[in-house]
1. What does the extension gain come out to for residue 545 and residue 271, with contour length at 0.36 nm per residue minus their alpha carbon separation?
2. Say a paramagnetic label sat at a point 7 Å from the Cα of residue 477, along Cα to Cβ; which residues of the stretch 532-568 have their backbone N under 11 Å from it?
3. Could you state the principal axis extents of the C-alpha atoms in the stretch 74-182, from the largest down, to the nearest angstrom?
4. Put 654, 47 in order of accessible area, largest first, 1.4 Å probe: what do you get?
5. Can you give me the accessible area per residue for the chain, using a 1.4 Å probe, in Å²?
6. Please list, in chain and number order, the residues 5+ apart from residue 444 or on another chain whose amide H is under 5 Å from its amide H, with Hs placed from the backbone.
7. Starting with the highest mean, order 68-78, 277-287 by the number of other Cβ atoms within 10 Å, averaged over the residues of each peptide.
8. Using a 1.4 angstrom probe on heavy atoms only, work out the carbon and sulfur share of the accessible area of the stretch 174-236 in %.
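The values are calculated or read from the model by the stated rules, or taken from the named source; none is laboratory data. Quick caveat, the model's predicted, so the values are computed rather than measured. With ideal geometry, Cβ positions are generated from the backbone for all residues, glycine too; neighbour counts draw on all protein chains shown. Ligands, DNA and RNA are excluded from the accessible area calculation, which covers all protein heavy atoms including side chains. Shrake-Rupley method; radii C 1.70, N 1.55, O 1.52, S 1.80 Å.
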Amino acid sequence: MNKVKVLSNAVLMSALMSTSVVWGTTAFAADNLQEYSLDTMVVTATRTEKKLVDTPANAMVITKEQIKDQGYSSAFELVTSMTQAGAMGWQDDGTDYSGMLSRIRLRGMDNGTLVLVNGHPANFLNASALNQIPIDQIEKIEVVKGAGSVLYGPQAMAGVINVITKKPSKGQQTSGKVFGSMGNRYNDYGLNVDSEIISIGGQKSFYKDFPDIRRPAQGGGGALEVADKNLEQLFGTVRITDDLTASLSHKKSHNRWLSGTFKNGVKSITKDCDSDATYNTYSLNYDNADNGWSAGLSYMDISMIQTYRYGAANSLYKGHNWDLDVHKKINFNNGNDTLVLGGQATKEYWKSVLVSSNTDTDSERKSYSLYQSYDHKFSDAYNMIFGIREYWMGSSKFLGSERKILPQVQGLYKINDTSSVYFNVGKSFEMPQLSSNFYTGPKYAVNPDIKPQSSWSYETGYKYDNNKTFFSASIFYVDATDKIIWGKTTDNKSIQINADKWKNYGLELNLKQKINDKQDVYMGATFQNPKSKSDYGDWKTKPGEWSQDESKVLFNLGTTYHQSKLVFDTRITATLKREPSSYLYNGVSASAKTGKEPDHNLKNRIDWSASLSYNPTDKDTLRLVGRNLLNRKDVVNYNEYYCTPINFYVTYERRF
């Protein structure tokens, strides 16, 4: 069937269903559950609280109401669906397979998105880890696209995602809920408790085995199966004083993957591996609105173990990160101007134990930075923000020291109370992974002179918000240099080098419309042209030429309807005009550098999902969720791993 026709039919079905909900007379009573205000505040963009219409950046806020109504089971899936974010995921929900880390690609840039949890960096080895927090412990998610290194440091080249969790508050009554889900491919159970002292929640999830997860090649190629997949998550926050909180998060994932080959349609499994990954994060947060001081201290510990039943030797990866951030907000000029002064210190450690080569390698590095952001109001209608960060990185076992100066300038003109125009220009960078030079032996060479990747980001946009309609449009351009790739030395050893350039320009549109007290409609679209140029050449790019690096069109359209005891949500998400596959049709790895240019691009990915919640009492909820309702066999990454087939699950919640 024609792909455009499939998308058109799916959008039409979604629209018809939402229309029937609005105008039908058979299913719903007269009262609405609750109203939503579009007048949302955002903190991440400037480290000061502003309305979306007053924020000089492309910012979005995903609320806990949206998370609940739309029935998402993972933050990774939520962000990729709702914010037109690309992704390099191994499955729809952002599952990690030990050292194979899933990551978000804001504005098409791989390893260019920084994830924060309550303002603390949560990335590890430059990957944007989003699934550490149980979905029910999330209060909201703020997504800010564009340069973010001035306020948040390395890795924020394309944007920042800040996961803000529930926090206990003084006088809060004790409440909670228990829940469980059953479905044809997904089951879970969990518990949440909230009080004035503690907010804590945990969840255990189970997934059906997924045989033949990878696209088969013509006559042969690789085979891959995933089995015994499960995930446990725990997050809790304790209120020590009104200004001081302590938090703990725990995530442990397990999956078994079996790999091999197809030959003449017959599968042969040659490797059988149990993969386990554990993430633990401990943090302290101090925030005093009266004196303007904020401070955060966090420690993240990670362990990744691959245990082979046969086919290869075991491996162990361990690491930890320390992060300390202290800043002060100073208001003056009758509250019209704000100065943010801050400092940050980090320590990273990574250890690799490879049984196959009998190697035990570790490395650590420390970095320090000072930053300031001055928000000056020139008039009632016009203000500008001037920011700068000075960054120092010490040397590690394999990498030299580095120093960076990062400027940023933003401006916003308020047309009236409901609309504004803005611009945002800034420089960002990303350090090489701490594990970049762990590859040792006769086939590899270490490059101590490898440099950080850096980029300039330019953006201008328009926003409108009257509490019923929110609309934003932004035009952006990103120019990155010194992208890190694998190259070869003169004696044919593999070595990491700075050889690539990367660019992207595009248009981003977002709309949320309150139709009435019962129904919202939301839409987002991104049209972009992400491409990379390799002076050396790689699997998809001939030396000195440009190639497509991500999808060119990202789109979502949906509606949420509230009527008495029912809540209905349906949405279409589409990823169109996608990048080349890393495998040829015959299963051989692509290599444009050696003449094996990619012979096809990934096919368009289209997902239609829906959820229906019923609240028989004020303490009980039944929710039916359906995913991939078109049952499309699309792929989720350039290695052509399939998305999850059509699936349903029913959740029961009991509040107390």
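1. Working: separation 274, 0.36 × 274 = 98.64 nm, distance 3.70 nm.
Taking 0.36 nm per residue and subtracting the Cα distance, the gain is 94.9 nm.
2. In the stretch 532-568, the label zone of residue 477 (backbone N under 11 Å from the point 7 Å along Cα→Cβ) covers no residue.
3. Principal-axis extents of the Cα atoms in the stretch 74-182, largest first: 43, 37, 25 Å.
4. The most accessible residue leads, giving 654, 47.
5. On the way: 26800 Å² over 656 residues.
Each residue of the chain exposes 41 Å² on average to a 1.4 Å probe.
6. Amide H neighbours of residue 444, under 5 Å, 5+ apart: 494.
7. 68-78, 277-287
8. 60 percent
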